[in-house]
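The values are calculated or read from the model by the stated rules, or taken from the named source; none is laboratory data. Being a predicted model, the structure only gives us computed values, none of them experimental. Quick reminder, even Gly has a Cβ in these numbers, built from the backbone with ideal geometry, and neighbours come from all protein chains shown. For the accessible areas, the whole protein counts, side chains as well, though only heavy atoms, and no ligand, DNA or RNA atoms are used. Shrake-Rupley method; radii C 1.70, N 1.55, O 1.52, S 1.80 Å.
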Amino acid sequence: MAKRWLGILTVLTLLLAACGDSGTTTTVASGTGDTSASGEITDIEMWIAFADDTRLGFAEDKAAAFNAAHPEYNVVVQSFDSYNTVFEQAQLALDGGNPPEIIHFFEAATQEAIDAVDAAGDPIFKSVTAAIGGRTEILGEPVVLDDVVSAARNYYTIDGDFYSMPWNTSSAIMFVNQDMLDAAGVDIPETWADVDAACDTILAAADAPSGCITWPNHSWFIEQTLGQEGTLLANNDNGRTARATEVNVASDGMKAYFQWWKDLDASGKYLYTGVQRDWDGTNAAFQAKEVAMLIYSSSDTTVLTETGAENGFNVVAAPMPYNSDVPFEGNLIGGATLWLLNGLDTTTEDGALAFMNYFSNPENAAEWHKITGYIPITNAAVQLLKDEGWYETSPNSLVASDQLDAAANTPAARGALLGNFVSIRDVLTAAAENMLVNDGDVTTILEEAQGEAQRLLDEYNALFSN
Amino acid sequence: MTLLIALLVGAGAGAYGFRNALRLRPQPRYLAGAAFGLLGAAVVSGATKGCAYGTDVDSIQNVIGVAIAGAAGLAAATAASSTKAARGDEPIAKQRSELRTGTYRLGWWWPWLLLLPTLIILVVFLYIPAVQTFTLSTMLVRLGAPNTIDVCLSNFTELLVPNPWMVVVLPSLSVAVIWGLGLWKQRASAGSASYNLATTLQPLGIMALLTALYFMFSGGTNGYRSIYLNTVVISAGTVLGGMVFGLAIAYLAFQKVRGIGVYRTLLIWPYAVSAPVAGILFFMMFDPTAGVIQHIFDGFGIDFPNYRESVSLARFTVIAASVWKVLGYNILFYLAGLQNVPIDQIEASVLDGASAWQRFRYIVTPSLGPITFFLLITNLTYAFFDIYGTIDYLTRGAPAGATSVAIYEIIRVGVDNRDIGRGAAQSVLLFLAVIGLTIWQFRRSEDRITYGGVG
């Protein structure tokens, strides 16, 4: 009997402890006391969406170096497997009263991040420009936000305000198996028509690969194409002058791209891996020499080039092919930025800002570029790499930066900003898959997708309007 | 007007639910049933503020609203009549009093105290979320959004064909078929040709229901019909395949062979693998570029088709991975079940000259009834819920949504797309499907399965 009572008591104690715990956490989080004055260490949590050794390792190394230089702070990196998971967990943590100070979030959800509010109706994130407030140095770390390259600046500036701190930024570029192209005697294609012609030659050879070109069925490549063609995806200048209320999926630019894509697939030139957003499968097909060309994110330039060499062929990077029937406007960026939590006390906020600026200082940004292929995010970092002679030894690494520099600062080339973008992207890739797998008619498919995409945007706007 | 119909339907359903209530003469019995039915319908209508009965919503919402009122009426009356039956039942009352005086001498609160931890867990992790799911399913709601919008039943009705007559007539037809077949079997005398025919035709009822549901769900690329079809095909394939192969392999592994212990252990291994890992394994094996299957076929100069681009192959691969995953579990239980097959009956049948197949068909299979029933439920649970992990790693619902089953769609819509209301509505639908299947299974198996012993 005594044992039973003991068991019940244990359970009750645990329950009470659990309740007590959550109570205390809330108090701590809502407190605004200056902790550093008493010599305590301020914790800063950064949640990122990378779980691989290279990228997570970089973040952890930089956090450790920052902590060593600023012993009053302790930056902790927590890794998640996707942007969606980070955002969701952060919102749940916010309700629970212990959210991270810095959240890594991707470009397509920019509108949603700006719009997001907590249970009390306050914005979740604070604009980094506002938080920096014109300072050129925070805790001894120089502010680098003003030096961010123009493509990223154009994308992330909303109503004249830089909302979040750019970190990983890339563009869609093309990688070719130069040995395969040389064997077929074709030059690297620049336009859609060039791709068609080159593929005809490559596939005509006796030992031709099973396909000629591939890229992930990811909406980002569709958006890149719309930027090149100067086609708007949403009204109000792609949602840049005011909140987007109409999405235009069935535009002529979109139809042209889908038709080209469908014809490439039907003639056996495009290799579809059968899975949406299939980064791994398309990459594997390129490395296995099943295709001669791969349109991919520049984020993997370094590893793609190295792996190609390991597999015995020469990888050359080139700009993404474009539609030469319409005037060219430019490619846009992709990637993610670091968002600052709203409502932090001054000490924590300054620590977070100092870390963000340290994280992308010229040396760190250059290192980040070298190990991945994401573009060097500040002009100073670009200069540093040039001085080092990096681009002479790694010409592939320069393609993305050059491509972004060549883009016009027009609404189409800056990229769309709209609510529920992640779901609308899924509608686009589902439509493309329907076209590729079920051989659907381009116009019908895009008009169906238009209805679905507009509904998603309408619902989002209804939920976020005041 | 619609509200009135809803309440009347609720009352009617209540009266029907009371048809077997004990110790009451017909008239007051039906009246009492109607009262309970009315109460149930009224509570449900009140909870939704009667939003489904107005003229401002489309007529399918009216239809569904009436159907829900009817179901609530039936449920309320059935619950009421079963407590009535229990009270009138002498032995149960006696057992109760024995329990009361025999075990819990410390007081009435003692059992409740012992149950408290379980009850708290049930309430916090099961009942509250369940109620929230029902509430959320009538709203447009998004994580991080300041507003929510009440949408009444439109999260449900947009899954259906936009034609109220289809929504009314199709299920009624299928219920009529099932009911008619049941009545025919009941009326025919056992053993007669008519009875045998009725028994053979029983599956028609289920097929009628499945077909009716197929046409009730909205078609088109974004319609729910394709999800329904995927779910039926993949669940049926997984459950049937898993159980047939499970029994076959267990029967083989039950024979007396040297080293059988090793075989049995190896056969049960896949059970220790989690559902996502099963997905990853098949993903690697069937990978068109680097997979071992492609490699083997390359050896014969055959280009193995890419399952990621073929609708039927993709479904087949998902089924194969799921069958492989549940196989170990099924073998384990069938092996245990086979040890309980009465040896004397087998021996007698051998003496009577029964062939191996006849012994298997008429003695082994029937005595495995309870195990089969149990496995049916657990395998269905796998096929309806756990299969998410397998699909997410194997096909991610591709190609063109051909392997996106109900649970995969719920998570895609509710979690990935953050459309919590629609996700909740779809999970309510899955919840109803599982409840329906379970009730049907219990009913069907009651007269077929014997657990041994008396009766």
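Data for the structure
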{"quantity": "Which numbered condition A:Glu349 fails, given (1) touching a helix residue (DSSP H, G or I) at 6+ places or on another chain (Cβ under 8 Å); (2) within 19 Å of A:Ala151 (Cα to Cα); (3) touching a residue at least 40 places away in the same chain (Cβ under 8 Å)", "calculated": "(2)"}
{"quantity": "Residues located in the range A:375-386, provided they are touching a residue at least 40 places away in the same chain (Cβ under 8 Å) and open to solvent by less than 10 Å² (accessible area, probe 1.4 Å)", "calculated": "A:Ile375, A:Pro376, A:Ile377, A:Thr378"}
{"quantity": "Count of the range B:182-235 residues which are of a type in the set (Phe, Trp, Tyr), in contact with a Lys or Arg (Cβ under 9 Å, 6 or more places away or on another chain) and open to solvent by less than 30 Å² (accessible area, probe 1.4 Å)", "calculated": "1"}
{"quantity": "Residues that are more than 11 Å from every other protein chain (Cβ to nearest Cβ) and either part of a strand (DSSP E or B) or closer than 17 Å to B:Val44 by Cβ (or both), drawn from the range B:137-180", "calculated": "B:Ser137, B:Thr138, B:Asp150, B:Cys152, B:Leu153, B:Asn155, B:Phe156, B:Thr157, B:Leu160"}
{"quantity": "Test result for A:Leu294, within 14 Å of another protein chain (Cβ to nearest Cβ), within 16 Å of A:Ala172 (Cβ to Cβ) and in contact with a helix residue (DSSP H, G or I) (Cβ under 6 Å, 6 or more places away or on another chain)", "calculated": "yes"}
{"quantity": "Qualifying position, being within 22 Å of the chain's Cα centre (by Cα) and either closer than 30 Å to A:Thr393 by Cβ or in a helix (DSSP H, G or I) (or both), among A:Asp263, A:Asp280", "calculated": "A:Asp280"}
{"quantity": "Residue among B:Phe297, B:Phe304 that is part of a loop (DSSP other than H, G, I, E, B), within 24 Å of B:Leu394 (Cα to Cα) and either of a type in the set (Ser, Thr, Tyr) or touching a Phe, Trp or Tyr at 6+ places or on another chain (Cβ under 8 Å) (or both)", "calculated": "B:Phe304"}
{"quantity": "Meets criteria (within 23 Å of the chain's Cα centre (by Cα), in a loop (DSSP other than H, G, I, E, B), of a type outside the set (A, V, I, L, M) and within 14 Å of chain B (Cβ to nearest Cβ)) for A:Thr273", "calculated": "yes"}
{"quantity": "Test: B:Leu351 is open to solvent by less than 50 Å² (accessible area, probe 1.4 Å) and either away from chain A (no Cβ under 14 Å) or at pLDDT 85 or above (or both)", "calculated": "no"}
{"quantity": "Filter result (within 14 Å of chain A (Cβ to nearest Cβ) and more than 24 Å from B:Tyr388 (Cβ to Cβ)) within the range B:257-295", "calculated": "B:Thr289, B:Ala290, B:Gln294, B:His295"}
{"quantity": "Candidates A:Leu203, A:Leu226, A:Leu181, A:Leu232 - the one that is under 24 Å from A:Ala449 (Cα atoms), outside any loop (DSSP other than H, G, I, E, B) and touching a residue at least 60 places away in the same chain (Cβ under 8 Å)", "calculated": "A:Leu226"}
{"quantity": "Long-range neighbours under 9 Å by Cβ, at least six apart or interchain, first residue acidic (Asp, Glu) within the range A:440-466, second outside any helix (DSSP H, G or I) and open to solvent by 40 Å² or more (accessible area, probe 1.4 Å)", "calculated": "A:Glu448/B:Gly220; A:Glu448/B:Thr221; A:Glu448/B:Asn222; A:Glu452/B:Thr221; A:Glu452/B:Asn222; A:Asp458/A:Thr245; A:Glu459/B:Ile149"}
{"quantity": "All positions within the range A:123-145 that are in a loop (DSSP other than H, G, I, E, B) and among the aliphatic types (A, V, I, L, M)", "calculated": "A:Ile124, A:Leu139, A:Val143, A:Val144"}
{"quantity": "Candidate set: the range B:370-398, residues that are among the charged types (D, E, K, R) and in contact (Cβ under 8 Å) with a residue 40 or more places away in the chain; chosen: the one farthest from A:Asn217 (Cα to Cα)", "calculated": "B:Asp386"}
{"quantity": "Candidate set: the range B:399-430, residues that are free of Cβ contacts under 8 Å to residues at least 12 places away in the same chain and surrounded by fewer than 20 Cβ atoms within 10 Å (Cβ to Cβ); chosen: the one nearest to the chain's Cα centre (by Cα)", "calculated": "B:Val415"}
{"quantity": "Residue match in the range B:343-364 (condition: of a type outside the set (Phe, Trp, Tyr) and either touching a residue at least 60 places away in the same chain (Cβ under 8 Å) or within 30 Å of B:Thr133 (Cβ to Cβ) (or both))", "calculated": "yes"}
{"quantity": "Looking only at the range A:106-119, and only at residues there that are within 12 Å of chain B (Cβ to nearest Cβ) and not in a helix (DSSP H, G or I), the one that is most open to solvent (accessible area, probe 1.4 Å)", "calculated": "A:Ala119"}
{"quantity": "Test: A:Asp95 is in a helix (DSSP H, G or I), within 14 Å of another protein chain (Cβ to nearest Cβ) and open to solvent by 40 Å² or more (accessible area, probe 1.4 Å)", "calculated": "yes"}
{"quantity": "Counted residues, the range B:300-316 - those being under 28 Å from the mean Cα position of the chain (by Cα), away from chain A (no Cβ under 11 Å) and open to solvent by less than 70 Å² (accessible area, probe 1.4 Å)", "calculated": "1"}
